[in-house]
Each structure stands twice: as structure tokens, then as C-alpha cells.
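A.B. asks: Once you've had a glance at the structure underneath, I'll fire off some questions.
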Amino acid sequence: MAKKELQILVAEQKILNRIYVIRGQKIMLDKDLAEMYGVETKQLKRQVKRNIERFPKDFMFELTKKEFENLRYQIGTSSLPANLAGWGGTRYLPMAFTEQGVAMLSGILNSKTAIEVNIRIIRVFTKLREYTLTHKEILMQLAQLEKEVKGNTQDIENIFVVLKELIEKQSTPTPRNKIGFKQYGDEKG
């Protein structure tokens, strides 16, 4: 059982490593998806183009040249020779698939492998979303705490001012009237 769980974790980590954020969306690239599905990238692209009505812009978009170069830089492949970088020979800009686009791919790539991989990918996207929501709640709580602390800052400063005044009063005692018998010659005593 532990071996199977480890295999699942490794598979999920591989998927997670292939999710990028472009245009503020979590996406996967055609090349990575094709590799996971066990098909050639050109075959995946061909199937998508044949079924393009299933892929509106919020499901799939083509990267711009600048986005592609930035992505290559982030991945660390820009310094490798083109044939070793895994991007060599690319004549067309990559397609980027959002979570919904990946789900739609299962309808056009109808192999057992594609369906199994798709299920794993969707589960990873779901975990990512849950993780993001959890962190968002924590960040909102921290922001609320920060507001409360900022509101208390003036109160804390006032407390320190009063404490300083009390300390200063104790360090310079006020003159007191003498108590007791008065002798002749004492005028105010």
C-alpha cells in the first residue's frame, strides 16, 4: 500500500511541476500533456484544432512569443541547446490549457491512458485550488489582525506616554511639607 501511495505522490508531483501560471491562470502546455497522454504533440494539437469549438479562450489559448520566451527562461531551458532543451524544432507556439481545457481534452483523446492521466491532472488542479483557498483564508485573517493591531497602535502609544510620565514623577519627588513640631525660627516649617 505504501508503495502505491508513493507512486501516486510522485505522479502528482510530476503533474504539479508542469503547471505554470500565465496570464494569471494555472495552465499546462500541449507538449507536457501530450507526453503524459503518450501521444505526439502534433497529434494532440491536430485533435484540438479539429474540435476547436470545444476550446474557448478560457479553456485554451496559444502563448505569445514573449510568453514562450519567458516560460523557457523560467524553466531554465533557454541556456540549453535547442535539441536538448525539449523545445527544439518547435515551429508553432505552444497551446496552454486551463483546468477546464484539460478536462475537455478527455473528450477528444479517448484512450484509456488519456482518461487515467486526465483524472490525475484534474485531482491535482483541485488540490491546488483547495490549497490556494486555505492560504487565502489565512491571508485574510492576517490582514484582519493587522488592521486590529494598527487600530491599537495609538492606544499602545498612549499607554507608553502615561507610563513615562509616571516614571518621571517618581524620579523627581515633589517637595513635601514637614510634619511635626515647629521650632522657633522656622518660618514655613
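A.B. asks: Which FRET efficiency value, to the nearest 0.05, is calculated for residue 2 and residue 162 with the Förster distance at 41 angstrom and r the Cβ-Cβ distance?
C.D. replies: Efficiency computed from Cβ-Cβ geometry: 0.10.
A.B. asks: Just want the ordering: 132, 41, from fewest to most Cβ atoms lying within 10 Å of their own Cβ.
C.D. replies: Taking fewest neighbouring Cβ atoms as first place, the list is 132, 41.
Computed from the coordinates by the stated procedures, all read-outs in this text should not be read as laboratory data. If you're wondering where the values come from, they're calculated on a predicted model, not measured in any experiment. Note: ideal-geometry Cβ built from the backbone for every residue, glycine included; neighbour counts use all protein chains shown.
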